[in-house]
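Everything on this sheet refers to the single structure shown next.
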Amino acid sequence: MKIIHCADLHLGSKMDARLPLEKAEERRRELRAAFVDLVKYAALQSVGVILLAGDVFDSDRPLKTDKEFFYSVVKNNPQITFIYLRGNHDCLQSYTCAPENLLTFSDRWQSYRFGRAVISGVEITQKNCGEIYTALKLNPNDLNIVALHGQIGNGEGFARVNLARLAGKNIDYLALGHLHTLSSGKIDGRGNYCYSGCLAGRGFDEAGEKGFVLLDVTDKISAEFISLPKREVQIVTADISAAEDDYAAYVIAKRAVAVCKRSDIVRVVLCGEVGFDNFGLERETCNRLQGEGFYYLEVKDETVRRFNLEDYEGDQSLKGEFVRRVLADGSLDERRKRDIISVGLKALEKREIEI
């Protein structure tokens, strides 16, 4: 049989802190569309189970429209069994509807059998986080899939997963949610863990390819990542050290974004040392790149200015006095001096500073 492992849909995410208001509502609709696309894929590929490893919703009290949407999708695809494990975002009031094809978990281990495959899961709380590992008992003759939501680490607590305490528990595949980027590794000699990542990136902290994991269960469990989104979040870097002016910087940045699709959400990071006056460089480069037709594009200027002591010897401005004082400070090495001067000149030019 085939099983889909996905997580972190975050339906209802506002996203207006990440995108302009006119784009935020459209992206919220696209998050819902991504879930529909996943279910369509499952139907076409005869997937029997969709395992949702936490954070279906973005909050404990999701909007009525988002809840109705999710439960309607489940109800109207009765050929698929949905198994929903709540995460740290939707841990209180998300189980409000119970279609026959929706299975859920609780703060105690529960298991569901599909032939040789057994899917077990528990919702990690502050109360049970110390006892869930000793309470997990799995038959070594089954193909065991375990669902948890949390950050892998050595400690125990809410939204924490202690991988070492899961070793030797007869787990074949540990389906995790919480991290929004695909990652995987070994639990022990038998099993592997996997974060499927989120279905669609909501901001530049969720850049890269997104999708879900398709599990093929035969006499063993094999996993394949399936890319889903029509629109990706991309961060590209453009070293403009060779540019002599802001237009030449734009040409370099334009080459850098050639790897992106026009449907993408793109951030261009300008870096390197520049010898020209780069005040307004971020704004000018962004305005020119907007003409390339990307869904959304922004530019971050992380360049540093080339400077020589001689350039400021006769400069009686505040900038000249600032640079001279930093360069004369014997307690700082040359790299530190350059970093301080770069930030200071940005501040004096009233440019945005990221610390």
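The values are calculated or read from the model by the stated rules, or taken from the named source; none is laboratory data. Since this is a predicted model, take the numbers as computed values, not measurements. Glycine gets a Cβ as well: all are built from the backbone with ideal geometry, and neighbour counts include every protein chain shown. Ligands, DNA and RNA are stripped out before the accessible areas are found, and what is left, the full protein with its side chains, is counted by its heavy atoms. Shrake-Rupley method; radii C 1.70, N 1.55, O 1.52, S 1.80 Å.
Quick one: ILE3 ticks every box in (1) of a type in the set (A, V, I, L, M, F, W, C); (2) surrounded by fewer than 21 Cβ atoms within 10 Å (Cβ to Cβ); (3) under 27 Å from ARG108 (Cβ atoms) except a single one, so which number is it?
(2)
Quick one: which of ILE132, ILE83 is within 28 Å of the chain's Cα centre (by Cα), farther than 26 Å from ALA43 by Cα and touching a residue at least 12 places away in the same chain (Cβ under 8 Å)? Before you say what the answer is, go through the steps one by one.
Numbers: ILE83 fails: farther than 26 Å from ALA43 by Cα.
Just one listed residue meets the conditions, ILE132.
Within segment 136-181, restricting attention to residues that are of a type in the set (Val, Ile, Thr) and in a loop (DSSP other than H, G, I, E, B), which residue is least open to solvent (accessible area, probe 1.4 Å)?
Taking segment 136-181 first, the residues of a type in the set (Val, Ile, Thr) are 145-146, 152, 161, 171, 181.
Next cut, in a loop (DSSP other than H, G, I, E, B) only: 171, 181.
Details: ILE171: 1, THR181: 77 Å².
Per the stated criteria, the residue is ILE171.
Report, ordered by the first and then the second residue, all pairs with beta carbons closer than 6 Å, sequence separation of six or more or different chains, a first member in segment 199-228 that is farther than 30 Å from LEU21 by Cβ and among the acidic types (Asp, Glu), and a second member that is part of a strand (DSSP E or B) and at pLDDT 95 or above.
Short answer, once both residue conditions are applied: ASP216/LYS2; ASP216/SER222; GLU224/LEU214.
How many residues are closer than 15 Å to GLY185 by Cα and in contact (Cβ under 8 Å) with a residue 40 or more places away in the chain if we restrict to segment 149-175?
4
Go through segment 245-261 and count every residue that is in a loop (DSSP other than H, G, I, E, B) and within 30 Å of the chain's Cα centre (by Cα). Show your work before the answer.
To start, the set of residues in segment 245-261 that are in a loop (DSSP other than H, G, I, E, B) comprises 245, 260-261.
Retained after the next criterion (residues that are within 30 Å of the chain's Cα centre (by Cα)): 260-261.
So the answer is 2.
Taking the stated definitions as given, is ALA242 part of a loop (DSSP other than H, G, I, E, B), touching a helix residue (DSSP H, G or I) at 6+ places or on another chain (Cβ under 8 Å), open to solvent by 30 Å² or more (accessible area, probe 1.4 Å) and of a type in the set (A, V, I, L, M)? Lay out the reasoning, then the answer.
On the way: part of a loop (DSSP other than H, G, I, E, B): yes; touching a helix residue (DSSP H, G or I) at 6+ places or on another chain (Cβ under 8 Å): yes; open to solvent by 30 Å² or more (accessible area, probe 1.4 Å): yes; of a type in the set (A, V, I, L, M): yes.
Taking the combined requirement at face value, the residue satisfies it.
For segment 188-211, which positions are open to solvent by 20 Å² or more (accessible area, probe 1.4 Å) and under 20 Å from ARG160 (Cα atoms)?
The answer is ASP188, ASN192, TYR193.
Are any of the residues in segment 112-130 open to solvent by 10 Å² or more (accessible area, probe 1.4 Å), modelled with pLDDT of 95 or more, of a type in the set (Ser, Thr, Tyr) and within 29 Å of THR218 (Cβ to Cβ)?
Pass one, segment 112-130, residues open to solvent by 10 Å² or more (accessible area, probe 1.4 Å): 112-116, 118, 123-127, 129-130.
If we keep only those that are modelled with pLDDT of 95 or more too, we end up with 112-114, 118.
From what's left, of a type in the set (Ser, Thr, Tyr): 112.
Next, only the ones that are within 29 Å of THR218 (Cβ to Cβ) stay: 112.
The answer is yes; a qualifying residue exists.
Determine whether LEU214 is under 25 Å from GLN45 (Cα atoms), among the hydrophobic types (A, V, I, L, M, F, W, C), surrounded by 19 or more Cβ atoms within 10 Å (Cβ to Cβ) and touching a Leu at 6+ places or on another chain (Cβ under 7 Å). Before the answer, list the steps.
Working: under 25 Å from GLN45 (Cα atoms): yes; among the hydrophobic types (A, V, I, L, M, F, W, C): yes; surrounded by 19 or more Cβ atoms within 10 Å (Cβ to Cβ): yes; touching a Leu at 6+ places or on another chain (Cβ under 7 Å): no.
Judged against the criteria, LEU214 is not a match.
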